[in-house]
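In what follows, a single structure is set out as structure tokens and then discussed.
The values are calculated or read from the model by the stated rules, or taken from the named source; none is laboratory data. Note that the structure is a prediction, hence the values are computed from the model and not measured. Virtual Cβ from ideal backbone geometry, glycine too; neighbours counted across all protein chains shown. All accessible areas refer to the heavy atoms of the entire protein, side chains included, with ligands and DNA or RNA removed. Shrake-Rupley method; radii C 1.70, N 1.55, O 1.52, S 1.80 Å.
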Amino acid sequence: MTKLIVGNWKLNPATLNEAVALASAVSVSVKSELYEQMVLLPPFVFLEELAKKFRQIQWGAQDFFWEDKGAYTGEISLGMLKDIGVGWVLVGHSERRRMFGETDETVNKKVLAALSQDFKVIVAVGELQRDDGEEVIISSFKKSISGIKLQAPSSKLQDLIVAYEPVWAISTNPGAVADDPARSNGIIGQLKLAAYEMFGDESKSIRFLYGGSVNAANAAGSLAQPNIDGALVGGASLNSDEFLRIINTTASVS
């Protein structure tokens, strides 16, 4: 399975011009055969312009609402995203869960809505504290993806990507460092087993990423692990040179 690298820009950069410059720096340098292994998630207000200017890049939204329309002030619908050429969404990032009160139940509503409208869905799960235990992660994972129907001839699971992102390892937290690759590999192995118990052989089409202080120096260690199918990159995705080094790492480990 080829490795997937997702760049989450979060609330960055400050202006559209800066966003275009960052996307341009990535676009002109990335090898053409690696475009399918890269997704970028900028702030909402930049998405339409970026998707028009850089059609070769896969663009995604950092969040959305599960209803198509209605009295939901400040929200963005999947139809709006599809209309501007966006095909990917991120769901349940730890910052959305911790700062904005998202629960496994609301994350699940978003997962089901996005899959039903043929989006590629990246759902994030992870524990707050290192000693929380695997059962916390597995429980959140199962609740977040429950109810997915296996529809012949093609399963919606092929559009599902799971990002294991231990909150304590995210670089914006004081003193945070990336998780040990072997440990994350083990956790993701448990998530893959849980997925198999839920969906059987169809679960093998789900890709599992690692996220948490991923940078050019440590990406290869994670990507070389057998259970890790890619990376969710935060701060390092805002530096085009560093992000490109991570992207290029996939060529040697896929």
Calculate the spin-label point distance for ALA71 paired with SER139, positioning each point 7 Å from the Cα along the beta-carbon direction, and give it in nanometres.
3.6 nm
Considering only lysines 8 or more places apart in sequence, or on different chains, count the pairs in segment 28-110 whose C-alpha atoms sit under 19 Å apart.
8
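More than 17 angstrom separation, counting every C-alpha pair in segment 121-164; what % is that?
39 percent
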Could you work out how far apart the two model spin labels at SER24 and ALA220 are, taking each label as a point 7 Å from the Cα in the direction of the beta carbon, and quote it in nm?
3.2 nm
If you stretched the chain out fully between LEU11 and ILE84, how much longer would it get, using 0.36 nm times the residue separation minus the C-alpha to C-alpha distance?
24.3 nm
Quick check: from the Cα gyration tensor, does segment 32-152 come out rounded (a/c under 1.5), prolate or oblate?
prolate
Report, to the nearest whole %, how much of the accessible area of segment 115-254 belongs to carbon and sulfur atoms, 1.4 Å probe, protein only.
48 percent
Could you check the spin-label model distance between VAL253 and LYS204? Points 7 Å from the Cα along Cα→Cβ, value in nm.
2.3 nm
For segment 157-210, just say rounded, prolate or oblate: build the C-alpha gyration tensor, square-root its eigenvalues into a ≥ b ≥ c, call rounded for a/c under 1.5, and beyond that prolate if a/b exceeds b/c, oblate if not.
prolate
Rounded to the nearest whole Å², what accessible area per residue is found for segment 156-254 with the 1.4 Å probe?
37 Å²
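Determine the shape class of segment 1-70: with a ≥ b ≥ c the square roots of the Cα gyration tensor eigenvalues, call it rounded for a/c under 1.5, and otherwise prolate if a/b is greater than b/c, oblate otherwise. Don't skip to the answer; put the middle values down first.
On the way: a/c = 2.00, a/b = 1.28, b/c = 1.56.
Verdict is oblate for segment 1-70.
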Calculated semi-axes √(5λ) of the Cα gyration tensor in Å (choose from (1) 31, 19, 17; (2) 24, 23, 18; (3) 28, 24, 19), label
(2)
